[in-house]
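Working notes, beginning with the structure itself.
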Amino acid sequence: MEEDKDLKPLSKDEIENKLKNFKGWKYRDNKITKSFKFRSFTDSVVFVNSLVVFCNSIDHHPDIHIFYTKITFDLTRFSVGSKVTQRDFTVAKKIEDLYELYQNTPSGLQNKT
């Protein structure tokens with residue numbers, strides 16, 4: 001990312017304002033979090049794997065919890081004291097975009113990413 005300008009910790013007000021554009025995402029325990037439902041365990045794992053290249057490219061490695069057909073993402077930036085930054089919202093947007101593609105693809109993401 002350009003000079004890491006997106007790594008400044010956001011205030012609670014800034015986070016809550018940004019969350020208005022992220023349906024279902026919640027702010028708690030210094031992270032933004034959301035769970036997503038999938039048709040199968042395979043779809044869950046393929047979804048997570050689809051995010052790897054993007055997350056590595058922007059140096060963001062979210063906590064990801066896989067519960068068979070449900071995934072919960074916890075986004076926070078450990079390098080700035082476990083605070084939420086703009087980069088967390090960049091990852092949340094990528095997750096949302098990919099999930100929308102998944103929902104609109106009856107066969108899942110196996111051949112789409």
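The values are calculated or read from the model by the stated rules, or taken from the named source; none is laboratory data. Every value quoted in this text rests on a predicted model; they were computed, and no experiment measured them. All Cβ positions, even for glycine, are placed from backbone atoms using ideal geometry, and neighbour counts span all protein chains on display.
Of note:
- The one condition in (1) over 13 Å from the mean Cα position of the chain (by Cα); (2) aromatic (Phe, Trp, Tyr); (3) in a strand (DSSP E or B) that Tyr102 fails to fulfil: (3)
- Considering the range 70-89, the residues that are among the small types (Gly, Ala, Ser) and assigned to a loop (DSSP other than H, G, I, E, B) include one that is surrounded by the fewest Cβ atoms within 10 Å (Cβ to Cβ), namely Gly81.
- Residue match in the range 61-71 (condition: in contact (Cβ under 8 Å) with a residue 40 or more places away in the chain and either out of contact with any Asp or Glu (no Cβ under 8 Å at 6 or more places or on another chain) or not acidic (Asp, Glu) (or both)): no
- Subset tally (residues that are modelled with pLDDT under 95 and not small (Gly, Ala, Ser)) for the range 78-93: 2
- When Lys23, Lys70 are checked against the criterion of being more than 13 Å from Lys94 (Cβ to Cβ), out of contact with any strand residue (DSSP E or B) (no Cβ under 8 Å at 6 or more places or on another chain) and modelled with pLDDT of 95 or more, a single residue qualifies: Lys23.
- Within the range 40-86, the residues that satisfy the criterion of being in contact with a Leu (Cβ under 8 Å, 6 or more places away or on another chain), of a type in the set (A, V, I, L, M, F, W, C) and farther than 23 Å from Asp6 by Cα are Val46, Phe47.
- Any hit, the range 7-23, residues being under 14 Å from Thr72 (Cα atoms) and either in a helix (DSSP H, G or I) or touching a His at 6+ places or on another chain (Cβ under 9 Å) (or both): no
- Restricting attention to the range 39-60, the residues being more than 16 Å from Leu101 (Cα to Cα) and either among the charged types (D, E, K, R) or free of Cβ contacts under 8 Å to residues at least 40 places away in the same chain (or both) number 8.
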